[in-house]
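*Asks:* Following this message is one structure expressed as structure tokens.
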Amino acid sequence: MNDTPEQDLDAALEGSIGTGTVRYLKTLVTAMTITTIVALVVLVTVVVMRFSQSAPDRSTLPTLPDQITLPDGATAQAVTFGPDWIAVVSDGDILIFDRTNGQLTKRVKIR
């Protein structure tokens, strides 16, 4: 009767469901605990790495013309940049502008 409560519980479980099952469950709980701890460490590391990044360098940002004039009735919904062009997605068109002077070079209809 000098057993600890944990030893009493282990003995009761072993008697009702078997020794192998109790050992399996203990191993499973230990593995899940280790997995949770590792996942938490990875999550904290990723958050710290993302927040410690500096702002992008001005030299890596795309150069833009002073202004781009959209055709009448066009409303910009999205903008994307290429090596020497700027694409503006409007209501039913994709408008391609020259990056250096801002002139419309191509208009692609969207069906």
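The values are calculated or read from the model by the stated rules, or taken from the named source; none is laboratory data. Being a predicted model, the structure only gives us computed values, none of them experimental. Cβ placement follows ideal geometry from the backbone for every residue including glycine, while neighbour counts extend to all protein chains displayed. The accessibility values were calculated without ligands, DNA or RNA, using every heavy atom of the protein model including side chains. Shrake-Rupley method; radii C 1.70, N 1.55, O 1.52, S 1.80 Å.
*Asks:* Kindly state, to the nearest 0.05, the FRET efficiency for ASP66 paired with ASP91, given R0 = 22 Å and r defined as their beta-carbon distance. All intermediate terms of the calculation are to be shown ahead of the outcome.
*Replies:* On the way: r = 25 Å, r/R0 = 1.12.
Calculated transfer efficiency: 0.35.
*Asks:* Still on this structure, please answer the following. If R₀ is 22 angstrom, what is the calculated FRET efficiency for the pair THR36 and LEU9, using the beta carbon separation as r and rounding to 0.05? Numbers along the way, then the final one.
*Replies:* Values: r = 23 Å, r/R0 = 1.04.
That gives a FRET efficiency of 0.45.
*Asks:* Let me ask something else about it. Where only protein heavy atoms count, and the probe is 1.4 Å, what is the accessible area per residue for the range 61-111 in Å²?
*Replies:* Values: 3670 Å² over 51 residues.
On a per-residue basis, 72 Å².
*Asks:* Ok, one more. Given an 8 Å cut-off on Cα distances and at least 6 residues of separation, report the relative contact order of the chain as a percent. Mind dumping the intermediate values first?
*Replies:* Numbers: 89 pairs, mean separation 14.9, N = 111.
Reported relative contact order: 13 percent.
*Asks:* Equivalent-ellipsoid semi-axes (√(5λ), Cα gyration tensor) for the range 5-111, whole Å, largest first? Could the numbers behind the result be given before it?
*Replies:* Details: eigenvalues 845, 76, 18 Å².
Output for the range 5-111: semi-axes of 65, 20, 9 Å.
*Asks:* Of the residues SER54, SER16, SER90, which exhibits the maximal mean-square fluctuation in a Gaussian network model of the chain defined by a 10 Å Cα contact cut-off?
*Replies:* SER16
*Asks:* So how tilted is helix 5-17 from the main axis of the chain? Cα-based, degrees 0 to 90, rounded to 10.
*Replies:* 90 degrees
*Asks:* Computing the accessible area with a 1.4 Å probe over protein heavy atoms, can you report the carbon and sulfur percentage for the range 28-89? Please list the in-between numbers first.
*Replies:* Numbers: 3460 of 5230 Å².
Answer for the range 28-89: carbon and sulfur cover 66 percent of the accessible area.
*Asks:* Can you give me the long-range amide H partners of ARG99? Hydrogens built in the peptide plane at 1.01 Å from N, cutoff under 5 Å, separation of 5 or more residues or another chain.
*Replies:* The list, which skips near neighbours in sequence, is TRP85, ILE86.
*Asks:* Working out 0.36 nm times the residue gap between ARG50 and SER16, then minus their Cα-Cα distance, what length gain in nm do you get to one decimal? Working shown, then result.
*Replies:* On the way: separation 34, 0.36 × 34 = 12.24 nm, distance 5.05 nm.
Length gained between ARG50 and SER16: 7.2 nm.
*Asks:* With axes computed from alpha carbons, what is the tilt in degrees of helix 19-51 against the longest principal axis of the chain, rounded to the nearest 10 within 0 to 90?
*Replies:* For helix 19-51, the angle is close to 30 degrees.
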